[in-house]
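Data block below; observations after.
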Amino acid sequence: EYTKMEAAPAPEVAAAPRPTLEVTVLKGTATQHVYELDGERIYLGRLDEVVDSDGRVRRRNDVAFREEGEINHTVSREHARIAWDAASGGYWLRAEQNASGTRSYRTGKTIDVSAHDRRGVRVQSGDEVHLGRAVVKITFR
């Protein structure tokens, strides 16, 4: 004789929790030396607020390099963004259209981040991100 058995319910796969990013400025001068950020989108650039020709705020940078300084001037006002992607469970670094060079340095290799690549480059803890000649280190917490 056969006994009818029900299949065990499929376990639910929990979405990966979004880690807090610790962003430490290694080269250049920003409004803070270390930032702790956990938003879905994190903006990096020069100045706290970027305004248009009519004085309207276009964007607020979460990691904001100061206006003065030779290295800081290599950072575009709207340089890059780091965006959380729940589907992949990771943060992705994207360069903005007018950014002057965005690269990630990881385990001895340089990864260019193109403004034409809509997805960007997946961020890993320990990455050094070069924004022009300024550098930040990203650590997950």
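The values are calculated or read from the model by the stated rules, or taken from the named source; none is laboratory data. A quick note: this is a predicted structure, and the numbers were derived from the prediction, not measured. Backbone-built Cβ (ideal geometry, glycine too); neighbour counts: all protein chains shown. With ligands, DNA and RNA removed, areas are computed over all heavy atoms of the protein, side chains included. Shrake-Rupley method; radii C 1.70, N 1.55, O 1.52, S 1.80 Å.
Taking Cα centroids, how far is segment 28-43 from segment 57-132 in Å?
Segment 28-43 and segment 57-132 have Cα centres spaced 12 Å from each other.
Specify which residue in the list V121, S76, S100 is farthest towards the positive end of the charge dipole of segment 56-141, using unit charges on the beta carbon of Lys, Arg (+1) and Asp, Glu (-1), about the Cα centre.
The residue sitting farthest along the positive end of the dipole is V121.
Could you give the size of the charge dipole of the chain about its Cα centre, using +1 on the Cβ of each K and R and -1 on the Cβ of each D and E, expressed in debye and rounded to the nearest 20?
Its charge dipole is roughly 380 debye.
Based on the alpha carbon coordinates of segment 60-111, what radius of gyration and maximum Cα-Cα distance (Dmax) apply, in Å?
Using the Cα atoms of segment 60-111, the pair Rg, Dmax is 12.9, 39 Å.
Can you tell me the FRET efficiency between R141 and E70 if r is taken as the Cβ-Cβ distance and R0 is 25 Å, rounded to the nearest 0.05?
0.20
Would you mind calculating the gained length between R133 and A115 on full extension (0.36 nm times residue separation, minus the Cα-Cα distance), in nm to one decimal?
Answer, rounded to one decimal: 4.8 nm.
Taking the Cα atoms of segment 83-141, what is the range of coordinates along each of the three principal axes, in descending order and whole Å?
That works out to 29, 24, 17 Å along the principal axes.
Of all the Cα-Cα pairs you can form in the chain, what percent are over 27 Å apart?
It works out to 26 percent of all Cα pairs.
Using only the heavy atoms of the protein chains and a 1.4 Å probe, how would R77, R60, R106 rank by accessible area, largest first?
Reading off the accessible areas and sorting them downward yields R60, R77, R106.
Between the DSSP loop rule and a limit of at most 13 other Cβ atoms within 10 Å, which GluC sites (Glu not before Pro) in segment 25-115 are left?
Numbers: sites: E36, E40, E49, E67, E68, E70, E78, E96; in loops: E40, E67, E68, E70, E78, E96.
Passing both the DSSP loop test and the Cβ count: E40, E67, E68, E70.
Once the whole set of protein chains is in place, how much accessible area is left on H33, using a 1.4 Å probe, in Å² to the nearest 10?
Accessible area, nearest 10 Å²: 120 Å².
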